[in-house]
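All remarks here apply to the structure that follows.
The values are calculated or read from the model by the stated rules, or taken from the named source; none is laboratory data. Note that the structure is a prediction, hence the values are computed from the model and not measured. Every residue, glycine as well, gets a Cβ built from its backbone with ideal geometry; the counts of neighbours run over all protein chains shown. Heavy atoms of the whole protein, side chains included, go into the accessibility calculation; ligands, DNA and RNA do not. Shrake-Rupley method; radii C 1.70, N 1.55, O 1.52, S 1.80 Å.
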Amino acid sequence: MRVAGRLAAEVLEMIAAHVRPGVTTGELDALCHRHIVEVQQAIPAPLHYRGFPKSICTSVNHVVCHGIPGATPLRSGDIVNIDITVIKDGFHGDTSAMFLVGQPSQLAKRLSQVTREALYVGIAMVHPGVRLGDIGHAIQTYAEERGYTVVQEYCGHGIGRAFHEEPQVLHYGLPGTGAVLMPGMCITIEPMLNAGKRHVKLLADGWTVVTKDRSLSAQWEHTILVTETGADILTLRTGETPP
Ligand code: MF3
Ligand code: CO
Ligand code: CO
């Protein structure tokens, strides 16, 4: 899991310099695919997963998650989530980050920043004995106090030999409820925050999830190992420090 996590993080490190106005999300997909397969000798988990057609997810502006890379160029002012999952030696590493293209609005920058902070509020709570409802509640409270809403239809998950395992890691909830974390468990935390209402809809392609009111949405994700004393972030990028 440590190896898979490092490789997933390394794909985000590699792609960062390519996320610029004019590049298409399809080109970003091709670069990531080639890096994962040829350099890392790993497998891009999304490709053909339940019929998903590409190797990464690219979710631009009001796309909440599971955006399909394609021919549309990124424009200055866009915000895009790039979600990478690799399989190495049978184990999965899953991580995503927001990228600011050119000069986004203050709102877009703040939404992205607060969403990353919300991820870290969750990570800071990970230790043996904590309940998932405690984590979800903390993330939801952090987001709502800052004027954002939390998407409820999609969540984090256990991860290991399978992409999506139990437990479901909700980004909302009630303290004192839900599964208890134990040393050795691996989970993802991946909050999706909207600038408008929390409601989402699925587009006709069967994958792309957008905000119903077309408000901006942001997401950040890490794969986390529960240790005896706390948490290890398996997908930490080189030079990444908590917000
Ligand atoms: N990487 C996403 C997650 O964080 C799942 C993408 S499923 C796909 O769980 F099929 F769209 F790739
Ligand atoms: Co995930
Ligand atoms: Co992911």
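From the backbone phi of region 66-82, what are the Karplus-calculated ³J(HN,Hα) couplings (6.51 cos²θ - 1.76 cosθ + 1.60, θ = phi - 60°) in whole Hz, Gly and Pro given as x?
Here the 3J(HN,Hα) series is 6, x, 9, x, x, 8, 7, x, 5, 10, 4, x, 6, 10, 9, 8, 10 Hz.
What is the Cα radius of gyration of region 110-243 over 2.2 N^0.38 Å, N being its residue count?
1.03
Which value results for Rg/Rh of the chain when Rg is the Cα radius of gyration and Rh the Kirkwood radius based on the inverse mean 1/r?
Ratio of gyration radius to Kirkwood radius: 0.94.
Tell me, what is the 1.4 Å probe accessible area of H164, in Å² to the nearest 10?
90
Please work out whether region 37-118 counts as rounded, prolate or oblate from its C-alpha gyration tensor, where a ≥ b ≥ c are the square roots of the eigenvalues and a/c under 1.5 means rounded, while otherwise a/b larger than b/c means prolate and anything else oblate?
prolate
Which one, V60, Q40, I135, is farthest towards the positive end of the dipole of the chain when Lys and Arg carry +1 and Asp and Glu -1 on their Cβ?
Positive-most Cα among the choices belongs to V60.
Stretched out fully, how many nm does the piece from L203 to Q152 gain, at 0.36 nm a residue minus the Cα gap?
16.7 nm
With springs connecting C-alpha atoms under 10 Å apart, model the chain as a Gaussian network and identify which of D205, D134, D89 has the largest mean-square fluctuation.
Maximum among the listed residues: D205.
Of H66, H92, which has the most accessible area with a 1.4 Å probe, and how do the rest follow in descending order?
Solvent-accessible surface, decreasing: H66, H92.
Positive end of the charge dipole of the chain (Lys, Arg +1 and Asp, Glu -1 on Cβ, about the Cα centre): tell me which of L107, G93, M192 has its Cα farthest that way.
Result: L107, furthest along the dipole toward the positive end.
So, with a 1.4 angstrom probe, what is the percent of accessible area on the chain that is carbon and sulfur?
54
If packing is taken as the mean number of other Cβ atoms within 10 Å per residue, what is the order of 1-9, 182-190, highest first?
By packing density, highest mean first, the sequence is 1-9, 182-190.
What residue among A97, A118, A71 has the largest mean-square fluctuation in a Gaussian network model of the chain, using Cα springs under 10 Å?
Of the options given, A71 has the highest mean-square fluctuation.
Quick check on region 13-73: what does the Kirkwood estimate of hydrodynamic radius come out to from the alpha carbon pairs, in Å?
About 12.0 Å for region 13-73.
Roughly how many debye, to the nearest 20, is the charge dipole of the chain about its Cα centre, given +1 on each Lys and Arg Cβ, -1 on each Asp and Glu Cβ, and no other charges?
520
Springs between alpha-carbon atoms under 10 Å, Gaussian network over the chain: tell me which of A179, A124, A204 tops the mean-square fluctuations.
Checking each option, the largest mean-square fluctuation is seen for A204.
Sort out for me the Cα centre separation of region 153-231 from region 53-83, rounded to whole Å.
Distance between centres, Cα-based: 18 Å.
Order the peptides 50-62, 22-34 from the highest to the lowest mean number of other Cβ atoms within 10 Å of their residues.
50-62, 22-34
Assign one of three labels to region 142-204, namely rounded, prolate or oblate, based on the Cα gyration tensor with a ≥ b ≥ c the square roots of its eigenvalues; rounded applies when a/c is under 1.5, prolate when it is not and a/b is larger than b/c, and oblate otherwise.
Here region 142-204 falls in the oblate category.
Give the long-range amide H neighbours of H157: residues separated by 5 or more places, or on another chain, with amide H under 5 Å away, using H modelled in the peptide plane at 1.01 Å from N.
The answer is V169, T188.
First obtain the Kirkwood hydrodynamic radius of region 104-187 from its Cα pairs, then insert it into the Stokes-Einstein equation at 25 °C and 0.890 mPa s, and state the resulting D in µm² per second as a whole number.
The Stokes-Einstein estimate is 183 µm²/s.
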